[in-house]
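**Student:** My structure is below; once you've seen it, I'll send some questions.
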Amino acid sequence: MLQASPLKIFCLALVLFSAVSAQDTERAARELFEKATKLAAEKQYEEALKLFRQSLKLEPRRPTIYNAIGAVFGMQNRHDEAAENFRRAVELM
């Protein structure tokens, strides 16, 4: 019978916890993104931007978030900010 050392058990638990934590983070980011998208469609741009930014804090390398932020800035005629976010989205692809 194989004997697991406390260190091996700890490492396995850490790996499993990390996987669950990453899934929770992705889910939370996705939920924020979906709420923000709905707000943007309802022309509640500032509220949408707040949620997009919260989503971005959870997944800072997700280009779709930068793209969405750029789109909201574009709808507000904030073209420089829109362009900057579109550039960042392209950089991450």
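What follows is calculated from the coordinates using simple rules that are stated; it is not laboratory data. Owing to the predicted nature of the structure, the values given are computational and were not obtained by experimental measurement. All Cβ positions, even for glycine, are placed from backbone atoms using ideal geometry, and neighbour counts span all protein chains on display.
**Student:** Could you give every pair whose Cβ atoms fall below 6 Å, whose first residue belongs to the range 34-59 and is more than 11 Å from VAL72 (Cβ to Cβ), and whose second residue is surrounded by 19 or more Cβ atoms within 10 Å (Cβ to Cβ) and aliphatic (A, V, I, L, M), counting only separations of at least 6 or pairs across chains?
**Tutor:** Partner pairs satisfying both residue conditions: LYS35/LEU51; GLN54/LEU32; SER55/ALA29; SER55/LEU32; SER55/ILE65; LEU56/ILE65; LEU58/ALA29; GLU59/ALA29.
**Student:** For the range 33-62, which positions are under 16 Å from ALA89 (Cβ atoms) and outside any helix (DSSP H, G or I)?
**Tutor:** GLU59, PRO60, ARG61, ARG62
**Student:** I'd like to verify a number: residues in the range 51-80 that are surrounded by 14 or more Cβ atoms within 10 Å (Cβ to Cβ) and basic (Lys, Arg), how many?
**Tutor:** 2
**Student:** Between a residue in the range 63-83 that is in a helix (DSSP H, G or I) and any residue that is among the polar types (S, T, N, Q), which pairs come within a Cβ distance under 8 Å, given they are 6 or more apart or on different chains?
**Tutor:** ILE65/SER55; TYR66/ASN85; ASN67/ASN85; ALA68/THR37; ILE69/ASN85; GLY70/ASN85; PHE73/ASN85
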